[in-house]
1. Report the gain in length on full extension from N122 to A134: 0.36 nm times residue separation, minus Cα-Cα distance, nm rounded to one decimal.
2. Thinking of segment 203-332 as a set of Cα atoms, what percent of all their pairs are more than 22 Å apart?
3. Quick check on segment 216-263: what are the equivalent-ellipsoid semi-axes from the Cα gyration tensor, as sqrt(5λ), descending, whole Å?
4. Subtracting the Cα-Cα distance from 0.36 nm times the residue separation, let me have the gained length for A114 to T179 in nm, one decimal.
5. Provide the per-residue ³J(HN,Hα) series for segment 144-160, in order, calculated from phi with Karplus coefficients 6.51, -1.76, 1.60 and θ = phi - 60°, each as a whole number of Hz, with x at glycine and proline positions.
6. For segment 282-292, just list the computed ³J(HN,Hα) in residue order, Karplus coefficients 6.51, -1.76 and 1.60, θ = phi - 60°, integers in Hz, with x standing in for Gly and Pro.
7. Provide the descending list of Cα extents for segment 52-160 along its principal axes, expressed in whole angstroms.
8. Take the solvent-accessible surface of the protein heavy atoms, probe 1.4 Å, and return the percent of it on segment 79-189 that carbon and sulfur atoms account for.
Amino acid sequence: MSEQITPGSEAAAEPNPTTSATTVEPPASPVRRLLSGSAGRNLGLVLALVLIVVVGAITAPDTFTTTSNALTILRQASIIGVISVGMTFVIIAGGIDLSVGSVMGLASIVATLAVTQDLAENFHWIVMVIFALATGLAAGLINGIVIAYGNVVAFMATLAMLVAARGLAEILAERRTLTIGSRDFINFFNEDFLGVDILIWIFALVAVGGWVLLNRTTFGRRTVAIGGNSEASRLAGINVKRHTVWLYALAGLTAGIAAVMILGRTTAGTSTHGQLYELDAIAAVVVGGTLLVGGRGTITGTVLGVLIFATLTNVFVQNNLSSSVQAVAKGVIIIVAVLLQQRFAKQGGRSSS
């Protein structure tokens, strides 16, 4: 007699290797997880900065390695650094702001108009600061409203503000340079605190404030969420349009702060203040590891990006290299940073699939 086989008895005795075997990837090591995260990217930026410092120390040992030169680098980085902090929030959310340089120039003009300086003379020089900050904030709010509620692409809306703000600054100043008459204002912004320029302290305070806002508040978490997926954020209950308005208002406010800083350094307002600063800020943010498509970025990375460009510029100046060579070097750094971003984004997509 033939032996009876119950259904499924052989399957239970001899499992099919093609169906039961599964490929299980070994868990990533702690070191690999560290290097693939923001800490690893920031470590790479630190190493790049150290490399530039070593090059500067070798090529110009007598002048580059002095304390005064280090403070000069920080002072030159401070204004772009403040603008870059605001730009970081906008880009993390998936936006862009091309108008911050022009807004900075407009704010410097408004703060140095005769009527503003008269008010400052009658009350206090802080009036000039308030007018500059209010101008930057107003321009940012206009950008945000046009983008969020007018459904205008951020590139075009801020490009329009770039042109309009620069033109309005020229009209108000009648293409003249407006000097500051308040000695108290000038003295305050040229003072040192603990041996460090006041502009550097302002940059440090803005950077720390930006870090706290991004990493320790609901505002920061919502910013990252909107950059990662705007529609999912809306469905999760985030008012994306209102948040977008506040993001561009923040960028405008940092442009206003930068305007006050450049007034303190140059003692004059002019419509040419801030030219191409928006490009320098975007470059620093991108080199600092913030994704242009949004959803990822750090204030620490942005600060390191600013310092990298400022130190590189100083090395070129110390070695009497032309501004053309500086521009080429910056362009190469930006391209490399974007290529690395694309590579890390692809690796992240594979690891999450």
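The values are calculated or read from the model by the stated rules, or taken from the named source; none is laboratory data. No experiment lies behind these values; they were computed from the predicted model shown. We work out accessible area using only protein heavy atoms, side chains counted, and drop any ligands, DNA or RNA first. Shrake-Rupley method; radii C 1.70, N 1.55, O 1.52, S 1.80 Å.
1. This chain segment gains 2.4 nm when fully extended.
2. So the pairs more than 22 Å apart make up 47 percent of the total in segment 203-332.
3. Square roots of five times the eigenvalues give 27, 10, 8 Å.
4. Extending this stretch completely gives an extra 22.4 nm.
5. Result, rounded to whole Hz: x, 5, 5, 6, 6, 9, x, 6, 9, 4, 4, 4, 6, 5, 6, 5, 5.
6. Each residue's phi maps through the Karplus curve to give 4, 4, 5, 5, 5, 4, x, x, 6, 6, 5 Hz.
7. Here the spans come out as 53, 44, 18 Å, largest first.
8. 68
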